[in-house]
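To start, the structure itself, in structure tokens.
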Amino acid sequence: MAGTELFGAEEKKEVMDVLETGILFRYNHDDQRENIWKAKTFEQEFAQYLGSKHAHFCSSGTAADAISLAVSGIGVGDEVIVPPYTFIAPIEAVLMAGGVPVFADIDETLCLSPEAIEKAITPRTKAVLLIQVFGSMGRMDEIVEVCRKNNLKLIEDAAPALGGSYKGKMLGTFGDVSAFSFDFYKIITAGEGGAVAMNSDELYEKAHMYADHGHDHIGNNRGAEQHPILGFNFRGSELHAAVALAQLRKLPHIIEQQRKNQAALKEVLSEFDEIQLREVPDPEGDSATFLSFFLPEATKAKAVFDALQEQGIGSAYWYQNNFHFHRQWEHLKKLRSIYPLPLTAVDNVPDYENLSLPVTDAIMQRLVMIQVMVNWSDEKLKELQSKVRTALKSALNK
Ligand SMILES: Cc1ncc(COP(=O)(O)O)c(C=O)c1O
């Protein structure tokens, strides 16, 4: 992934700044830290990059989802509409909050469909957790409108599409609150880390307090701080923030390179009539971290995936992938947990074992994805174009 490809002197310098002061904690210690505030600096620059009023750095993307749900007021029995094509982290966060994940179909954007969201709404629905899946966006105008019309909170998890935008507005600024991850497999990485972003002062106050045991962060004396609410520890450390800061400054370069490299691969795909690209509601805003496309039917999609694998192309057939699709989530189907999940105390729990999402299944069976890297040289890109062409020709008998 992009971030890991670009580690260098910049990350080392930011980390050394922190190590030289020895203050790894993001708050307080003002007289020892020589004005080094990596988490705060990251938050300022990240909010500015997004065009959001506030950002808060935290320990992971899952933490960012948990904070987003908490500040949205999600508690026991509240239904949250979620997609079946995602890494499971946001759904685990709903379960931890006591909420009830309610699955709705995706459309050919690969994100939640606004029509399916509308159909899944019940009197207990409190929020929609929209995941901007693998580089690009859902149909944002309609999704925002469905949430507004039905008085639902929109929580946007933009972890897989950081750097993307829709009609000039950054992904991660459409939600009442939005979540990001900087784990090792994300567009920028801090090893581990995450962030939430929002425009509301009230949600921001709740977020930074909740992420740090309810501390109000007023003044510079930890011992004298008040804690108006109960919270948790989702704090990010200065070391992680230091790496995230160096990576954030590389993000415009990452997106530019990905777009160039994705365009070169798209040229090859355009030679094959049977290939249809993923629907991207604003193609100019695609973060281009991946290239997703459809074949007319499942057998052809699987054949294309196998042929790409044979050529050594980083690709995925998510319908059968172990991680990112509900059909493989045996732990969720059986609600296998080491403690009694709060949702077992409510009576509106869907039958996860027998989820029926035929529209999503039909889309996913036809889907193939190629991963786009940042550091491909022109030579490498030519070689990849040729290998992708060979794979497609052999799979599609051309
Ligand atoms: C959409 C989404 N949200 C949240 C996460 C969780 O991020 P983290 O690994 O930082 O907890 C991931 C991780 O892959 C993800 O894909």
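The values are calculated or read from the model by the stated rules, or taken from the named source; none is laboratory data. Predicted model, so just to flag it, every value in this text is computed and none were measured. So basically every Cβ, Gly included, is an ideal-geometry build from the backbone, and we count neighbours across all protein chains shown. Surface accessibility is based on the protein's heavy atoms, side chains included, excluding ligands, DNA and RNA. Shrake-Rupley method; radii C 1.70, N 1.55, O 1.52, S 1.80 Å.
Restricted to the range 19-46, and to residues there that are of a type in the set (A, V, I, L, M) and open to solvent by less than 60 Å² (accessible area, probe 1.4 Å), the residue that is farthest from Pro252 (Cα to Cα) is Ile23. When the range 19-51 is filtered for residues that are at positive phi and either among the small types (Gly, Ala, Ser) or touching a Leu at 6+ places or on another chain (Cβ under 7 Å) (or both), the ones remaining, listed by number, are Gly22, Gly51. Collect the residues in the range 176-186 that are near the ligand (Cβ under 7 Å from one of its atoms) and open to solvent by less than 10 Å² (accessible area, probe 1.4 Å), keeping them in residue-number order. Ala179, Phe182 - these are the residues of the range 176-186 that are near the ligand (Cβ under 7 Å from one of its atoms) and open to solvent by less than 10 Å² (accessible area, probe 1.4 Å). When Gln262, Gln276, Gln247, Gln257 are screened for being of a type in the set (S, T, N, Q) and either surrounded by 21 or more Cβ atoms within 10 Å (Cβ to Cβ) or on the phi > 0 side of the Ramachandran plot (or both), only Gln247 passes. One residue is enough: does the range 200-216 have a residue meeting the conditions outside the structural domain of Pro114 (by the TED database) and under 19 Å from the mean Cα position of the chain (by Cα)? Taking every residue of the range 200-216 in turn, none turns out to be outside the structural domain of Pro114 (by the TED database) and under 19 Å from the mean Cα position of the chain (by Cα).
Here's the yes/no breakdown for (1) more than 18 Å from Leu112 (Cβ to Cβ); (2) at pLDDT 95 or above:
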residue	(1), (2)
Pro296	yes, yes
Thr299	yes, yes
Val304	yes, yes
Tyr317	yes, yes
Ser337	yes, yes
Asn348	yes, no
Ala362	no, yes
Gln365	yes, yes
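Of all residues in the range 56-71, those satisfying the criterion of being touching a strand residue (DSSP E or B) at 6+ places or on another chain (Cβ under 6 Å) and surrounded by 24 or more Cβ atoms within 10 Å (Cβ to Cβ) are His56, Phe57, Cys58, Gly61, Ala63, Ala64, Asp65, Ile67, Ser68, Val71. If you go through the range 174-195 one residue at a time, do you hit one that is at pLDDT 95 or above, farther than 23 Å from Ile88 by Cβ and not in a strand (DSSP E or B)? Checked against the condition, which is being at pLDDT 95 or above, farther than 23 Å from Ile88 by Cβ and not in a strand (DSSP E or B), the range 174-195 yields no hits at all. The set of residues from the range 86-119 being away from the ligand (no atom under 13 Å from the Cβ) and aromatic (Phe, Trp, Tyr) comprises just one member, Phe103. Checked against the criterion of being assigned by the TED database to the domain that holds Cys58, more than 11 Å from the chain's Cα centre (by Cα) and within 13 Å of the ligand (Cβ to nearest atom), the candidates Thr125, Thr189, Thr173 yield just one match: Thr189.
Rundown of residues vs (1) part of a loop (DSSP other than H, G, I, E, B); (2) out of contact with any strand residue (DSSP E or B) (no Cβ under 8 Å at 6 or more places or on another chain); (3) open to solvent by 10 Å² or more (accessible area, probe 1.4 Å), yes/no style:
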{"residue": "Thr299", "(1), (2), (3)": "no, yes, yes"}
{"residue": "Ala303", "(1), (2), (3)": "no, yes, yes"}
{"residue": "Ile338", "(1), (2), (3)": "yes, yes, yes"}
{"residue": "Asn348", "(1), (2), (3)": "yes, no, yes"}
{"residue": "Asp361", "(1), (2), (3)": "no, yes, yes"}
{"residue": "Gln385", "(1), (2), (3)": "no, yes, yes"}
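All of Met137, Met198 fail the test of being within 22 Å of Ala244 (Cα to Cα), in contact with a Phe, Trp or Tyr (Cβ under 9 Å, 6 or more places away or on another chain) and more than 10 Å from the ligand (Cβ to nearest atom), apart from Met198. Can you spot a residue in the range 282-292 that is surrounded by 15 or more Cβ atoms within 10 Å (Cβ to Cβ), over 21 Å from the mean Cα position of the chain (by Cα) and among the aromatic types (Phe, Trp, Tyr)? No: zero hits. Selection of the range 144-158 for residues being open to solvent by less than 50 Å² (accessible area, probe 1.4 Å), away from the ligand (no atom under 16 Å from the Cβ) and within 22 Å of Ile67 (Cβ to Cβ) yields Cys147, Leu152. Residues that are open to solvent by less than 30 Å² (accessible area, probe 1.4 Å) and outside any loop (DSSP other than H, G, I, E, B): does the range 210-233 have at least one? Taking every residue of the range 210-233 in turn, at least one turns out to be open to solvent by less than 30 Å² (accessible area, probe 1.4 Å) and outside any loop (DSSP other than H, G, I, E, B).
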